[in-house]
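The values are calculated or read from the model by the stated rules, or taken from the named source; none is laboratory data. As the structure is a prediction and not an experimental result, all values here were calculated from the model. Every residue, glycine as well, gets a Cβ built from its backbone with ideal geometry; the counts of neighbours run over all protein chains shown. For the accessible areas, the whole protein counts, side chains as well, though only heavy atoms, and no ligand, DNA or RNA atoms are used. Shrake-Rupley method; radii C 1.70, N 1.55, O 1.52, S 1.80 Å.
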Amino acid sequence: MLELITTKLEDAANWGRKFSLFTYPFVTACCGMEFMSVAAPKYDIARFGAEFPRFSPRQADLLMIVGTITEKQAPALKRVYDQMAEPKWVIAFGVCASTGGFYQNYHSVPGADQIIPVDVYIPGCPPRPEQVLDALLLLMKRVQDGRGYSQVRHKREKIVLEQRLASGQED
Amino acid sequence: MSKKVLEALTKKFGEAIERTETQFGDEVAYVKREKLVEIATWLRDDAAMAFDSPVFVSCIDLLDLRRPDENGRLVQVDTTQVPRFEVCYQLRSLKHRHRIRLKVRVTENDPRCPSLADLWKAFDWQERETYDMFGIRFEGHPDLRRIYLYEEFVGYPPRKDYPKEKRQPLVRRGDLPGPEGNL
């Protein structure tokens, strides 16, 4: 019975989370124009509850990596991700953030997932606003199912802890 | 267009000008390294020259480069015979509306070049960029540090012998499969 309540509670919390994603736009390059277009009234990301960009990572739970990440920027990106409160999700916006795009050289990171875990990748140079909204819907499904990277990690850590407690190796 | 600048230069400095040429309407003077500051000072201060606008500093790596010879055929540059790098200073006079490019040849083993940052303030960051990208040591520069890349970076990427995809990461995820780092 207790298990039933906790899982249902988790579902309810996830339902709330998926409709109130607070984005932190990590905008580094030209994809930012397309991001602005998604956020502007014509495509209106607010319809899905992800309308309010927070310019402090501590208040955000969705990190949008919009544009190329260079090796020099990588520590800053990692730091921003570490500052965000759990649970948190990441969208790689555009090919540069997803794979490095057409940069195959000394200065660019081949995909932001070399630095931090990414939940949804959006291809395109830059992606159409419809693609971004599609990715947002995918992410919302993921949030509801509890399959986001940080959610899964949290569950895994909990199981490990429980096992350790059960076998009597308390810290 | 600026032939008279070249003529005045060769007349005044003679020996210090190694070679002059015209490329696509731009006049180029190859200058001896020791005389660069003297020549540049004269170009800036002489009333008939009055080069008041510094345009850019850059560098050319001649490794694996093919250039046209006197017959117009492309010939491989032999960097064992000629110095590998050419440092270029492009100057312009807004007053007299003429331009000149000064080139200094430096070798790979001794990549030193006098700095013109004291003459034209705008060359400060340009010389830092040239140092960052090609490793040319500008002597007398007030603050010669890397400007784009990070301090930990080893080597000079636009040099032709730098491996095209060699990355020098500052951070990587620890949970990635395979060897961490240079992917």
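Any idea which of B:44, B:19 is open to solvent by 10 Å² or more (accessible area, probe 1.4 Å), among the charged types (D, E, K, R) and in contact with a strand residue (DSSP E or B) (Cβ under 7 Å, 6 or more places away or on another chain)?
B:19
Determine whether segment B:142-158 contains at least one residue that is within 14 Å of chain A (Cβ to nearest Cβ), open to solvent by 10 Å² or more (accessible area, probe 1.4 Å), under 25 Å from residue B:21 (Cβ atoms) and under 17 Å from the mean Cα position of the chain (by Cα).
yes
If you go through segment A:1-17 one residue at a time, how many are touching a residue at least 40 places away in the same chain (Cβ under 8 Å) and open to solvent by 100 Å² or more (accessible area, probe 1.4 Å)?
Qualifying residue count, segment A:1-17: 1.
I'd like the full set of residues that are farther than 13 Å from residue B:35 by Cα, in contact (Cβ under 8 Å) with a residue 40 or more places away in the chain and assigned to a helix (DSSP H, G or I), limited to segment B:1-21.
Those that are farther than 13 Å from residue B:35 by Cα, in contact (Cβ under 8 Å) with a residue 40 or more places away in the chain and assigned to a helix (DSSP H, G or I): B:4, B:5, B:6, B:8.
Mind listing whichever residues of segment A:66-85 are open to solvent by less than 10 Å² (accessible area, probe 1.4 Å) and either within 15 Å of residue A:150 (Cα to Cα) or more than 14 Å from every other protein chain (Cβ to nearest Cβ) (or both)? Full working, then the answer.
Within segment A:66-85, the first condition is being open to solvent by less than 10 Å² (accessible area, probe 1.4 Å), and the residues that meet it are A:66-67, A:69, A:71, A:74, A:77, A:84.
Within segment A:66-85, A:66, A:67, A:84 meet the criteria.
Considering only residues that are in a strand (DSSP E or B) and of a type in the set (A, V, I, L, M), look in segment B:75-133 and name the one that is nearest to residue B:39 (Cα to Cα).
The residue in question is B:102.
Could you say whether any residue in segment A:18-29 is more than 14 Å from chain B (Cβ to nearest Cβ), under 19 Å from residue A:134 (Cβ atoms), of a type in the set (Lys, Arg) and in contact (Cβ under 8 Å) with a residue 24 or more places away in the chain?
Yes, that holds for at least one residue.
If we scan segment B:118-133, do we find a residue that is open to solvent by less than 40 Å² (accessible area, probe 1.4 Å) and either within 14 Å of chain A (Cβ to nearest Cβ) or at pLDDT below 90 (or both)?
yes
Could you check residue A:101 against (1) more than 17 Å from the chain's Cα centre (by Cα); (2) open to solvent by 50 Å² or more (accessible area, probe 1.4 Å) and say which number it fails?
Among (1) more than 17 Å from the chain's Cα centre (by Cα); (2) open to solvent by 50 Å² or more (accessible area, probe 1.4 Å), the lone unmet condition for residue A:101 is (2).
Look at segment A:115-141 and say how many of its residues are surrounded by fewer than 22 Cβ atoms within 10 Å (Cβ to Cβ) and within 14 Å of another protein chain (Cβ to nearest Cβ).
So the answer is 2.
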